[in-house]
Amino acid sequence: MTDYFMPSLIYFAAAAIVPFIAAPRLRATFMLAVPFAGFASFATMAYGTYAFMPFFDFNLKIFRLDGLSFIFGLIFSIAAFISIAFAWHIRDRLEQVSSLVYAGAAIGAVFAGDLITLFVFWEGTAIASALLIWARRTPGAIATTMRYFTFQIASGLLLFIGIVLFYRDTGSVAFQHMELDSLGTWLIFLAFGFKCAFPLMHNWLQDAYPAATPTGTVTLSAFTTKLAIYALARGFAGTEFLIYIGAAMSLFPVFFAAIENNLRRVLAYSLNNQLGFMVVGIGIGTPLALDGTVAHAFVHVIYKALLFMSVGAVIYRTGTAKVSDLGGLWKYMPWTMAFCIVGSLSISAFPLFSGFVAKSLILSATASSGHIWVWMALVVASVGVLEHAGIKIPYSMFFGHDRGWKVKEAPLPMLLIMGFAATLCVLIGVFPQTLYALLPYPVEYEPYTADHVITQLQMLFFAALAFALLIRFNIYPAEYRSINLDFDWVYRRFLPNVLRVVTHYVTVIWRVYARFADRRIERALMVIYRAHGPQGALARTWPTGSMVLWIAILLGITLGLAYL
Amino acid sequence: MNTYITKPVLIGLAVICATLVGADFLRDGHGYFSFENWPLIYCAIGFVVYGVLIILAKGLRVLIERPENYYGDLAIDSEPEPGMGPIAPEKSGVPHD
């Protein structure tokens, strides 16, 4: 068995205890302690592989601690703390248990030293995260959970088959760098791609995240996709194909986010766009690019959680996250507005905020690797980020059209945890070397050069000026209740309709064929009936004399023929 | 009517942008690509890309927009957002009439 008590087991043990703690406050306090205990279990350990477990002919390496897994373990611990704290008021034990299992499985996957262990925790995240969507318990949410679960299980299935083929080819299940040179590695790559929301595999993200409970979405935003980023960084760093996938991922969501009415779906598109930056970094694969990806994942988890929390706080008070229903809340929710703006400035990469010090690593690595078109795509995508996450999110909730809302500020526990996340965004932005010191590869990078700060401010403020003019001249997209079709239309409408049409025509053809066959069979039966039925020639009872006569005739014919 | 992008806000933004145009002379011209050193290139990128992005997105909307209940009961789009636990309903705010 294992020789070390893993952090994921702390989460699972806590999940087993939580349902039996009756007092809600005590339960919430107990849950808050879990991320600290989990982090403490590996914070001071030396890098190495610790927990081995025999499994059939394999010796599983359940706990591998190195530079890459440490920082992801740290950020997942922070994310678990933030999401548990934001759900302080939640009494639903299903949601509480699911969030603990989900965080524990994600952390377990990060520390997995072999593909079998990765697969087990990978499936754990799929099941636990689906329950966070199901916890909303509405017909729409349950249908969404089924779609989400199908995608997650598809990812798990691809991973499983990929591992089997990889083992057949190499005789190893070690989770380390792989080349896209066999069906097995391609399937593993696609499994990671499903969870990373590659283009055309992305819609589970925009479908499911707005469907979870407001607290559940904060939890969801942190783990699944960043686990996929970790897995790609571990397994496929330097795979050039990823550069172009990442560029596409960073670009296309900005157009959808600009016209989306549901703010949580806007943030889901934004998440997709941010993953694109990270995937580009993995594809480039240099130490600077990989550090950029890890740094970006680190800061992204915090500012994205902050943005989802601010939208969640608004849902808490207003019961809606729709642009068409919101506006003018700054008077009543000033603290929520302030924290939301910090999140927006961070994701937009304003100097002195966390996004600036992380995103610039990826852009610099892209430029220095000579990928000019990819670099330009990322610059365009950066302007897109400012549009939907930097401006649209805070503007439509707190300013925009004043809809006459008169609500209370978010509850104190929510404000405290939003304030904590906002403080981290600023601290990382002001002291980037603290973050850089945690990165897996040594990095000497100075984000605050005059050139970098000036050009970034020029780009952001001129984009803001364009926004103000578009609003002023009524060119900015109007807000009203609607949805926008995306690739999910293919499997939610097109394919079911195709199936319906195919079913219809197959039924018609079958009926025609059946009628035709019926007639043929009926005719055949009639012929048989005529011969063998009660009046049939072959069924009649003949007198013995007739039979003898016929035998004599037949013998006579035979005799005649014999003489011919 | 949109009441927040007022003339003072526009003037304020214009002043900041004018300052940043002036700051362009402080750049040391150490971009990775030669066109990065063109004067005011990042001002143009920010302004033009933002405008083009919005216009393209509006064009896309014409093609892909559908009513909120397009997917019927199989989606959350026309469902009300749930409260956040048992204390949510009585604390939730309501809009003015």
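The values are calculated or read from the model by the stated rules, or taken from the named source; none is laboratory data. This structure is a prediction, so every number in the text was calculated from the model and none was measured. We place every Cβ from the backbone using ideal geometry, glycine too, and count neighbours over all the protein chains shown. The accessibility values were calculated without ligands, DNA or RNA, using every heavy atom of the protein model including side chains. Shrake-Rupley method; radii C 1.70, N 1.55, O 1.52, S 1.80 Å.
Quick notes on this structure:
- Cβ-Cβ under 8 Å pairs, at least 6 apart or on other chains, the stretch B:26-55 side closer than 9 Å to A:ALA466 by Cβ and in a loop (DSSP other than H, G, I, E, B), far side modelled with pLDDT under 85 and open to solvent by 70 Å² or more (accessible area, probe 1.4 Å): none
- Any pair with Cβ under 6 angstrom, 6 or more apart, that starts in the stretch A:463-488 at a residue that is facing chain B (nearest Cβ under 8 Å) and of a type in the set (Asp, Glu) and ends at one that is buried (at least 20 other Cβ atoms within 10 Å of the Cβ) and part of a helix (DSSP H, G or I): A:ASP486/A:ASN203
- One residue from A:VAL314, A:VAL323 being out of contact with any Asp or Glu (no Cβ under 8 Å at 6 or more places or on another chain) and touching a residue at least 40 places away in the same chain (Cβ under 8 Å): A:VAL314
- Residue list for the stretch A:201-241, restricted to those being of a type in the set (Gly, Ala, Ser) and not in a helix (DSSP H, G or I): A:ALA212, A:ALA237, A:GLY238
- Just one of the listed residues (A:GLY370, A:GLY328) is closer than 21 Å to A:GLU260 by Cβ, surrounded by fewer than 24 Cβ atoms within 10 Å (Cβ to Cβ) and modelled with pLDDT under 95, and it is A:GLY328.
- Cross-chain or 6+ apart pairs with Cβ under 9 Å, the stretch A:491-508 first and under 24 Å from A:THR150 (Cβ atoms), then outside any helix (DSSP H, G or I): A:ARG492/B:TYR71; A:ARG492/B:ALA75; A:ARG493/A:LEU485; A:ARG493/B:TYR70; A:ARG493/B:TYR71
- Looking across the stretch A:121-144, the residues that are β-branched (Val, Ile, Thr) and open to solvent by less than 10 Å² (accessible area, probe 1.4 Å) come down to A:THR125, A:ILE133, A:THR144.
- Verdict on A:TRP134 being more than 14 Å from every other protein chain (Cβ to nearest Cβ) and either touching a helix residue (DSSP H, G or I) at 6+ places or on another chain (Cβ under 9 Å) or among the aromatic types (Phe, Trp, Tyr) (or both): no
- Pairs where the first residue, in the stretch A:234-259, is under 18 Å from B:LEU56 (Cα atoms) and within 14 Å of another protein chain (Cβ to nearest Cβ) and the second is open to solvent by 10 Å² or more (accessible area, probe 1.4 Å) and hydrophobic (A, V, I, L, M, F, W, C), C-beta under 6 Å, 6+ apart: A:LEU251/A:ALA377; A:PHE255/B:LEU60
- Number of positions in the stretch A:414-437 that are more than 18 Å from A:TYR303 (Cα to Cα) and either in contact (Cβ under 8 Å) with a residue 60 or more places away in the chain or in a helix (DSSP H, G or I) (or both): 1
- Top-ranked residue in the stretch A:483-520 [being touching a helix residue (DSSP H, G or I) at 6+ places or on another chain (Cβ under 8 Å) and within 17 Å of B:ALA57 (Cα to Cα); ranked as surrounded by the most Cβ atoms within 10 Å (Cβ to Cβ)]: A:ASN484
- Entry remark, the stretch B:15-60: residues being within 7 Å of chain A (Cβ to nearest Cβ), more than 30 Å from A:ILE483 (Cα to Cα) and open to solvent by 50 Å² or more (accessible area, probe 1.4 Å) number 5 in total.
Conditions (1) surrounded by 24 or more Cβ atoms within 10 Å (Cβ to Cβ); (2) under 19 Å from A:CYS340 (Cβ atoms), marked per residue:
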site: A:ALA197; (1), (2): yes, no
site: A:MET201; (1), (2): no, no
site: A:GLN206; (1), (2): yes, no
site: A:PHE223; (1), (2): yes, no
site: A:LEU227; (1), (2): yes, no
site: A:PHE241; (1), (2): no, no
site: A:GLU260; (1), (2): yes, yes
site: A:VAL266; (1), (2): yes, yes
